[in-house]
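Below is one structure; the comments refer to it alone.
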Amino acid sequence: MAAESLQTETPDGKGYPRGLAGNDVPVDARIVGICDAFDAMTSTRPYRRGMPVEKALSIIEENAGRQFDASFSKIFINMGRAGKLDPVVAHSDEGIPLRECLQCGPVIVLKRKHQHGDKVYCPACTGEYSLVSQGNSISIAPTGATGTPKQLEPEADTELIARLVRDSARALLAG
């Protein structure tokens, strides 16, 4: 898929790996490039807090046409300023906010399939957490253990991806 390997290409041709410019950058890569940059700017990392949505949107706006596709940037910015991105900022899925590691701060991703007692791990310090059901919500509790390399391997959320593809296809066919 072009989006995976070419999302770092830019309209001005200064991206990588190939230095493609303008419409030579595949459409899906142009869209994913904006989304990935927005996620990187608004997500908390071990070394910094995520920035506010408006600041990230302003950066995309300032770099539209150079780093980001101008037309897709405009659509994305309008969506963000209309609040349509709020449900995804700091969430791993709709209605499932990211959790912070109590030791070092980076985010811990919860998936819709997770249940009470499941183990999740901090990708930075490798701390292990157990999921605890509390009514309609789930919290995390440190176990004191650390994850093994196998437990720390990223795992695609195939249920979320399938739902996104299905919903996108419906929207495209309806419009």
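For the stretch 104-133, the set of residues classified as more than 24 Å from residue 88 (Cβ to Cβ) and of a type outside the set (Gly, Ala, Ser) consists of 116, 119, 125, 126, 128, 132, listed by residue number. Condition (residue is under 17 Å from residue 154 (Cβ atoms) and in contact with a Gly (Cβ under 6 Å, 6 or more places away or on another chain)) applied to the stretch 105-126: is it met by at least one residue? Yes: one or more hits. Does residue 83 fit the bill of being loosely packed, with under 15 Cβ neighbours inside 10 Å and either acidic (Asp, Glu) or on the phi > 0 side of the Ramachandran plot (or both)? For residue 83, the condition - loosely packed, with under 15 Cβ neighbours inside 10 Å and either acidic (Asp, Glu) or on the phi > 0 side of the Ramachandran plot (or both) - is met.
To keep it simple, each residue is scored yes or no on (1) under 15 Å from the mean Cα position of the chain (by Cα); (2) within 30 Å of residue 141 (Cβ to Cβ).
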site: 35; (1), (2): yes, no
site: 40; (1), (2): yes, yes
site: 47; (1), (2): no, yes
site: 74; (1), (2): no, no
site: 80; (1), (2): yes, no
site: 115; (1), (2): no, yes
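Within the stretch 73-82, does at least one residue satisfy the condition of being touching a Pro at 6+ places or on another chain (Cβ under 7 Å), over 18 Å from residue 40 (Cβ atoms) and not small (Gly, Ala, Ser)? No, the conditions are met nowhere in the stretch 73-82.
Look at the stretch 43-56: where a residue is at negative phi and a partner is part of a loop (DSSP other than H, G, I, E, B) and surrounded by fewer than 16 Cβ atoms within 10 Å (Cβ to Cβ), sitting 6+ places away or on another chain with Cβ atoms under 6 Å, you get 46/104. Of all residues in the stretch 79-104, those satisfying the criterion of being among the aliphatic types (A, V, I, L, M) and under 21 Å from residue 152 (Cβ atoms) are 96, 98, 102.
A short reminder: the numbers here are calculations on the coordinates, not readings from a lab. Everything numeric in this text was worked out from a predicted model, so none of it was measured. Methodologically, a virtual Cβ is constructed for each residue, glycine included, from the backbone with ideal geometry; neighbour enumeration extends over all protein chains shown.
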